[in-house]
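Shown next, in structure tokens, is the structure this report addresses.
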Amino acid sequence: MGCGSCSTGGGCSPAGCKSNGSCLTNGCSKLDVYDWLSHMDMPTNYKPFGIVEVKFKGSRKEFYHNPDNIYLEAGELVAVETGAGGYDIGHVSITGELVRLQMVKRRVKEEEVSKKIYRKATVTDVEKWKAAKDLEWETMHKARTLALELNLSMKLSDVDYQGDKTKATFYYTAEGRVDFRELIKKMAESFRIRIEMRQIGMRQEASRLGGIGSCGRELCCSTWLTDFKTVSTSAARYQNLSLNTLKLAGQCGKLKCCLNYELDTYMDALKFIPDNVNVLKTEKGEARLQKTDIFKRLMWFSYPREESWIPVPITRVKEIQQMNKEGVVPEDLGVVVEVENIPVKAFDYENVVGQDSLTRLDERRNNQKRKNKNRKKGNKPNGGNELPAGQAIVPQNPNVPRPIVVKAPGEGQPSNTEQNNRNRRFRPNRNKNRRPNNNGGNKPDNA
């Protein structure tokens, strides 16, 4: 089914429209909710829950009352009430008891839901809604031109038209407060609609625009991530990552959200690692900490004026640390773990599909041209030597000696008459261009 709600102009494919959450016809499945109660039979006297969740463009979801008890299913277009007058068009996300659980999750009470559903969207409503969505791209570029003319330090990232084509919400990012009163006047005169300006953060902007991350996949915020959690540099420190802002920052310019994905695993592993173990005192010298492997529970130490690192288990490190606190200095680090160096298997990915050279296609094309040219000239591919039918040239293996065939005298050899006829056939006729002279000999014509 085609999509008219995409910011890219529609025409979505069933496999995913890549519209970063703005597709409302199950394109990228960002706002989809699995109704795990759909296959269950409700009691006979069950009264359905009177609130429905509706989803809109850009990860926006709201709850609406269904006072007329209209039978609605997930994915249907409905006309809903707006707070500033008019109506808007959205898709039903979930219905029934699952809405009650979603309200508890989002901490929304039933008394706080004031808006209602008017009706199912008619053909006229859908046509007007699609016409409004088609104006978003042009409207955004005109608004950007007006903002540049007024020298406003703001960036307009997206625009969302209301379903009745009477209001447009502009989303922008800015470092501080921006006085856009003059901009609103000019946009109202140009577009003849009500204007609403809404400031969003850098992460929300990346979620709306989308893109490809350093991992090679689409951004998490534009495909499935709907809530943003705080990411600090301590998450990178706990994971022993280099504090390089170019590598830790995402498309939004902030720290990557994926830094929090494995943080809990590292925090659990760090519980067994002792603190303040930078130096261990031994009779051999002070051993300084060089590296820690929190998952293998090994700590590498090195003595002064020695380049080799010594791996020591955590239990032994805690024991030496306790001895140093009591004033006891051990002879050395004691038990040393032997770390096996497992050879890393190198995979030759280049030769797997035969893509060694960048000019392999040119060589193949040149060989094909050479064959076509020889075919036109009448040259035979085997140098003019044709084999009888049913025979082929078998390459001789140089490692295998050729068999010695002993023949009887005269066996397999042509007779003298056959040999003379063969020599006469291939002997060049040298007397063809000669004429007899007066001395009885042959003389060339030009002599």
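Among all residues of the range 316-328, there is at least one that is aliphatic (A, V, I, L, M), within 20 Å of Asn240 (Cβ to Cβ), surrounded by 15 or more Cβ atoms within 10 Å (Cβ to Cβ) and modelled with pLDDT of 90 or more. Filter the range 121-141 down to the residues that are basic (Lys, Arg) and open to solvent by 80 Å² or more (accessible area, probe 1.4 Å), then identify the one that is nearest to Gly86 (Cα to Cα). Among those that are basic (Lys, Arg) and open to solvent by 80 Å² or more (accessible area, probe 1.4 Å), it is Lys128. Within the range 60-113, being within 20 Å of Asp41 (Cα to Cα), of a type outside the set (A, V, I, L, M, F, W, C) and open to solvent by 60 Å² or more (accessible area, probe 1.4 Å) holds for Asn69, Tyr71, Glu73, Arg100. Restricting Lys142, Lys133, Lys57 to residues that are charged (D, E, K, R), assigned to a loop (DSSP other than H, G, I, E, B), in contact (Cβ under 8 Å) with a residue 12 or more places away in the chain and under 21 Å from Tyr171 (Cβ atoms) narrows the list to Lys57.
So, in the range 142-173, of the ones that are crowded, with 20+ Cβ neighbours inside 10 Å and among the charged types (D, E, K, R), which residue ends up nearest to the chain's Cα centre (by Cα)? Among those residues, the one meeting the criterion is Asp158. For the range 295-308, a residue qualifies if it is more than 39 Å from the chain's Cα centre (by Cα) and in a loop (DSSP other than H, G, I, E, B), and the qualifying residues are Tyr303, Pro304, Arg305, Glu306, Glu307, Ser308. Against the list (1) touching a His at 6+ places or on another chain (Cβ under 9 Å); (2) free of Cβ contacts under 8 Å to residues at least 40 places away in the same chain, the condition Lys115 fails is (2). Taking the listed residues Ala84, Ala79, Ala121, Ala74, the one that is of a type outside the set (Phe, Trp, Tyr) and in contact with a Leu (Cβ under 8 Å, 6 or more places away or on another chain) is Ala121, with no other qualifying.
The values are calculated or read from the model by the stated rules, or taken from the named source; none is laboratory data. The model shown is predicted, which means the values in this text are computed figures rather than measured ones. Here Cβ is always computed from backbone atoms with ideal geometry, including for glycine, and neighbour counts include all displayed protein chains. Side chains are part of the model used for accessible areas, which takes the heavy atoms of the whole protein and leaves out ligands, DNA and RNA. Shrake-Rupley method; radii C 1.70, N 1.55, O 1.52, S 1.80 Å.
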